[in-house]
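What follows draws every value from the coordinates through simple rules; no lab data is involved. A quick note: this is a predicted structure, and the numbers were derived from the prediction, not measured. Cβ sites come from the backbone with ideal geometry, for glycine too, and all protein chains shown count toward neighbours.
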Amino acid sequence: MTPLALSIAVGDYDRTRPIASGAVRIDGVDPLVLLLSPEEIFFRAFRSQDFDVCELSLSSYCIRVAAGDCPYVGVPAFLSRAFRHNGLYVRTDRVKTPQDLKGRKVGVPEYQITANVWARAMLQEDYGVEPSDILWVRGGISEPGRPERVTVKLPADVHIEDAPEGTTISSLLAAGEIDGFMAQRQPALALSGHPHVGRLFADPAVTAKDYFARTKMFPIMHLLGVRRSLVDKHPWLPSALLKAFTLAKEMALAALAETGTNKATLPFIEKNLEEARALMGNDFWPYGVAANRANLDTFLHHHHAQGLSPRRLAVEELFHPSTCESFKS
């Protein structure tokens, strides 16, 4: 069989580099791997379907699945996961606790991004702050004029407005025109020492560990997608991709555990790894449907409750059937 030539666009992570380097081969595939920023991948994937296989925003993907027009089929390789407590910044001269966000203005780059779905869910469940309690201001983090990448229709009690022309949510926070900032990245002024801007949670790692201990949720951000037209012609492809990306992730985790030389430019890796395993188990970044069903169910509940998907999706709707179960040797 002639290998299938495919373009594969993913972020540059330790868990994807074995695919990019060729250390892990994808059965039946001759890949052209593009290591791009998630923002570029998502924009190009949902606007013009530029890639055969690519990393996808979980929220944007769910919106398109619910609408019945998604050009990609999901594979449960979760290339990005993150606790979202570190993505909340506030005017510290006005906001001291999460409950202080009620009645305030909070900037977002897009309302529907996955990071913000999880952050709103956390604020609602843990602190009683409803999405309707906040006036949302949409704008670019550091560049003006960022639109929603997919069309959303929000509930009538959720109010969102665009940032003034030429402004960003970072600049609005610095000027005191908004009270908070919720995004997947830091505001542009986070490292500049602004006297009245800081994190909502003083130690987000401690807060996130408590969150996991109570909920067992390690929020899923991104999944892998493969062009639907390709899957129709090659139904073996989703399973081949899941197999290869799972092996690549396992290689990355094994490299972190090597104590002779650090594989990342960061001290104390072994201590962080030990702490993560003690709290979350040895397989703290699982792929596959079975190990992530509760996580996905929680996300789908909030995605629908926040008005982003018009109906409550089922987990199985997100993935090709061949990837929902795996063989055992």
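Quick notes
- Relative to the dominant Cα principal axis of the chain, helix 293-305 is inclined by about 40°.
- At an R0 of 51 angstrom, the distance between the Cβ atoms of Ser132 and Ala264 translates into a FRET efficiency of 0.80.
- Centroid-to-centroid separation of segment 153-232 and segment 88-105 [C-alpha atoms, Å]: 14
- Length-normalised contact order of segment 84-215 in % [C-alpha pairs under 8 Å, at least 6 apart]: 38
- Taking Lys and Arg as +1 and Asp and Glu as -1, the other residues whose beta-carbon sits under 15 Å from that of His234 total 0.
- Amide H contacts for Val29 (H built 1.01 Å from N in the peptide plane; partners 5 or more residues away or on another chain; cut-off under 5 Å): Leu4.
- Of the trypsin sites (Lys or Arg not before Pro) found in segment 240-291, those that fall in a DSSP loop while having at most 15 other beta-carbon atoms within 10 Å are Lys263.
- Rounded to the nearest whole Hz, the Karplus-based 3J(HN,Hα) values (6.51 cos²θ - 1.76 cosθ + 1.60, θ = phi - 60°) of segment 308-314 follow the sequence 8, 10, x, 9, 7, 6, 9, with x at glycine and proline.
- Matching label, Kirkwood radius over Cα pairs in Å computed from the structure shown, candidates (1) 22.9; (2) 20.8; (3) 20.2: (2)
- Under 5 Å, built H, 5+ apart or other chain: amide partners of Arg138: Val108, Glu161, Asp162, Ala163
- The lysine pair tally for the chain, using Cα distances under 17 Å and a gap of 8 or more places or different chains, is 5.
- Selected from Leu173, Leu242, Leu273 as most flexible by GNM, with the chain as the system and alpha-carbon contacts under 10 Å: Leu273
- Ellipticity estimate at 222 nm from DSSP helix runs (n ≥ 4, -39,500 (n - 2.57)) divided over the chain, nearest 500: -10000 deg cm²/dmol
- Segments 134-142, 203-211, 158-166, 98-106 sorted - mean Cβ within 10 Å per residue, highest first: 134-142, 98-106, 203-211, 158-166
- With contacts taken as Cα pairs under 8 Å at a separation of at least 6 residues, the chain carries a relative contact order of 26 percent.
- Crossing angle, helix 58-67 versus the chain [Cα axis fit, 0-90 degrees, rounded to tens]: 80
- Sorted on the mean count of surrounding Cβ atoms within 10 Å across their residues, most packed first, peptides 37-50, 5-18 read 5-18, 37-50.
- Length gained on full extension, Arg277 to Asp27: 86.9 nm, using 0.36 nm per residue less the C-alpha separation.
- GNM remark for the chain: springs join alpha carbons under 10 Å apart, and the peak mean-square fluctuation among Leu237, Leu123, Leu279 falls on Leu279.
- When the GluC sites (Glu not before Pro) in segment 248-295 are filtered for DSSP coil states and for at most 11 other beta-carbon atoms within 10 Å of their beta-carbon, the remaining sites are Glu258.
- Extension gain, Met251 to Asp210, is 11.9 nm, computed as 0.36 nm per intervening residue step minus the present C-alpha separation.
- Degrees between helix 38-48 axis and first principal axis of the chain (Cα, 0 to 90, nearest 10): 70
- In loop segments of segment 212-306 as defined by DSSP, the chymotrypsin sites (Phe, Trp or Tyr not before Pro) with at most 10 further C-beta atoms inside 10 Å of their C-beta are Phe268.
- Antiparallel %, DSSP beta bridges [both residues in the chain], to 5: 45
- Alpha-carbon centroids, segment 4-39 and segment 238-252: separation in whole Å: 11
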